[in-house]
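Peer 1: There's a structure below that I have some questions on.
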Amino acid sequence: MLRYCAMPGCGVLVERGYCPTHARQQDRQRGTAHERGYTAAWAARSKRFRQQHPICGERHDGTMDTVHSECAAAGLTTPAQCVDHIVSKANGGTDDEENLMSACTRCNVAKRNRLERR
């Protein structure tokens, strides 16, 4: 199903999110991964966290986050592919373990898309 670009006033039809022009603008505003704090140290920390919490939706204490993980909400045991900040760093979240959960790429992207639509 096609919908309008997420940029207010843009009339370009897209499958989801932004049209190519506005997607590039959004990427430039976000900054690079390194500028957002995703450094080699973060990559190592993320890998350790996923080794300890290998299932999508698993939090630091072993509980499953059924609010932010579609897999956990559905009772699936999908392998985690990344670590997600429950409260994004852009919204004041931290790298503290209490603010992290393991996620599959699909759930991570779905969460980001839900937040961008707000």
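The values are calculated or read from the model by the stated rules, or taken from the named source; none is laboratory data. If you're wondering where the values come from, they're calculated on a predicted model, not measured in any experiment. Don't worry about glycine lacking a Cβ; one is built from the backbone with ideal geometry, like all the others, and counts go over all protein chains shown.
Peer 1: Just to be sure, is A110 modelled with pLDDT under 90 and either surrounded by 15 or more Cβ atoms within 10 Å (Cβ to Cβ) or touching a Cys at 6+ places or on another chain (Cβ under 7 Å) (or both)?
Peer 2: For A110, the condition - modelled with pLDDT under 90 and either surrounded by 15 or more Cβ atoms within 10 Å (Cβ to Cβ) or touching a Cys at 6+ places or on another chain (Cβ under 7 Å) (or both) - is met.
Peer 1: List the pairs whose first member sits in segment 1-21 and is free of Cβ contacts under 8 Å to residues at least 12 places away in the same chain, whose second member is in a loop (DSSP other than H, G, I, E, B), and whose Cβ atoms are under 6 Å apart, counting only residues at least 6 apart or on separate chains?
Peer 2: So the pair list comes out as V12/C5; V12/C19; L13/L2.
Peer 1: From the residues in segment 44-70 that are more than 11 Å from C104 (Cα to Cα) and among the acidic types (D, E), which one is surrounded by the most Cβ atoms within 10 Å (Cβ to Cβ)?
Peer 2: Restricting to residues being more than 11 Å from C104 (Cα to Cα) and among the acidic types (D, E), the top hit is D65.
Peer 1: Let me ask something else. Just for segment 72-97: of the residues that are under 14 Å from the mean Cα position of the chain (by Cα) and either part of a helix (DSSP H, G or I) or not assigned by TED's automatic domain parsing to the domain that holds R112 (or both), which one is surrounded by the fewest Cβ atoms within 10 Å (Cβ to Cβ)?
Peer 2: If we take residues in segment 72-97 being under 14 Å from the mean Cα position of the chain (by Cα) and either part of a helix (DSSP H, G or I) or not assigned by TED's automatic domain parsing to the domain that holds R112 (or both), then N91 is surrounded by the fewest Cβ atoms within 10 Å (Cβ to Cβ).
Peer 1: Consider Q29 against the criteria (1) at pLDDT 90 or above; (2) not in a loop (DSSP other than H, G, I, E, B): it satisfies all of them except one. Which criterion is unmet?
Peer 2: (1)
Peer 1: Pairs needed: first member in segment 53-71, under 10 Å from V83 (Cα atoms) and not assigned by TED's automatic domain parsing to the domain that holds R106; second member anywhere, assigned to a strand (DSSP E or B) and not aliphatic (A, V, I, L, M); C-beta distance under 7 Å; at least 6 residues apart or different chains.
Peer 2: none
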